[in-house]
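The values are calculated or read from the model by the stated rules, or taken from the named source; none is laboratory data. Note that the structure is predicted; figures quoted are calculated from it, not measured. Glycine gets a Cβ as well: all are built from the backbone with ideal geometry, and neighbour counts include every protein chain shown. The accessibility values were calculated without ligands, DNA or RNA, using every heavy atom of the protein model including side chains. Shrake-Rupley method; radii C 1.70, N 1.55, O 1.52, S 1.80 Å.
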Amino acid sequence: MSPNKTLSDIFSKVNMSELPAMSDHVQELLRLLNRDESSAEEIAGVILKDASLTTKLLQVVNSAFYSRGTPISNVSRAITALGLTTVKELAVSLALFEDFIKAGIEKEEISKLLALCFLSATQAKILCKVKKINVPEEDVYICTLLHQLGKLIILVYLPELYRKAQELIDRGYSDEFAAKTVLNDLTFSTVGMEIARFWNFSEKIVLSMGTNPPQPTNKFDSQLYLLNVAAFCNRLSW
C-alpha cells in the first residue's frame, strides 16, 4: 500500500466522524487566535455556541487553580477576570480534549497523550517568558499543544496501528521509524500536517508539527523560534 493510499484511508476514517467541536468551534477559535483584533465579545460568542464547552470552561475557571474568590457565572466575566489569552487557550484545550475523548475507543491512552500535549504547551509558555524568547504567547501555546496532532489522529481513529507503532517505540525505536513502519512510510507529523490543512488551520500551526525545524539565525526570527520551542517542549515532555 502506498503512502498516499494510507493517507486516503486516514482521511476517510476522519471524514466519517462528525468532529463537532473540531470542525466548527475549535476552528473558529483558532481563526480568532490568529487575528490581533479579535474581541472578547467574539470569543464569548463562539464559546456560547457550545453549551457543553461553556459549562466545562466555567467549571475550570471556578476551580481552585484559577478562582479569584468570587464565583464567575458567565463567559464574558471569565474573560474579564482571566484575560482573553487565558480564556481562549482554555476553550481550545477543553474543546479538543472533549472531541478526542468522545471519538476514540482508547479513552485512557487518549487522556494520557492529551495530558502530555497540555504539559508541553504550558512549558512552552513558561520557557518563552523566562528566556524572553520573542514569540507571541497565544501562538506558542496553541502550536505546541497541536504539535502531536498526527499521533492523536492515529490513536483516535486507527488505534490498532497506533498500538503497533507504540510497541516499536517501547522497544526503543524512534517515533519516526515506528510510524513509517506501520503507516507505509508516513510519519505522525505528516499525518498531522495534512489533517490540519484539511481543517484549514493556519500555516503557522501546520509547520509547527514538524519534528526537526531549522535553527533560528537571529533573535528576531520569531517564526523559527516558535517551531523550535514547539518541537523541543514536546520532546522534553515525552
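Brief remarks follow.
- In the stretch 76-86, the qualifying residues are those that are modelled with pLDDT of 80 or more and of a type in the set (Val, Ile, Thr), and the one that is most open to solvent (accessible area, probe 1.4 Å) is 80.
- Residues being part of a helix (DSSP H, G or I) and open to solvent by less than 50 Å² (accessible area, probe 1.4 Å) - total across the stretch 91-122: 19
- Considering residues of the stretch 27-75 that are hydroxyl-bearing (Ser, Thr, Tyr) and open to solvent by 70 Å² or more (accessible area, probe 1.4 Å) only, the residue nearest to residue 204 (Cα to Cα): 55
- Test: residue in the stretch 124-134 that is outside any loop (DSSP other than H, G, I, E, B), under 29 Å from residue 222 (Cβ atoms), open to solvent by less than 30 Å² (accessible area, probe 1.4 Å) and of a type outside the set (Phe, Trp, Tyr): yes
- Residue check, residue 196 closer than 22 Å to residue 101 by Cα and of a type in the set (A, V, I, L, M, F, W, C): yes
- Exactly one residue among 157, 141 is open to solvent by 10 Å² or more (accessible area, probe 1.4 Å), in contact with an Asp or Glu (Cβ under 6 Å, 6 or more places away or on another chain) and of a type in the set (Phe, Trp, Tyr), and that residue is 141.
- Residues (under 25 Å from residue 39 (Cβ atoms) and in contact (Cβ under 8 Å) with a residue 40 or more places away in the chain) located in the stretch 100-133: 121, 128
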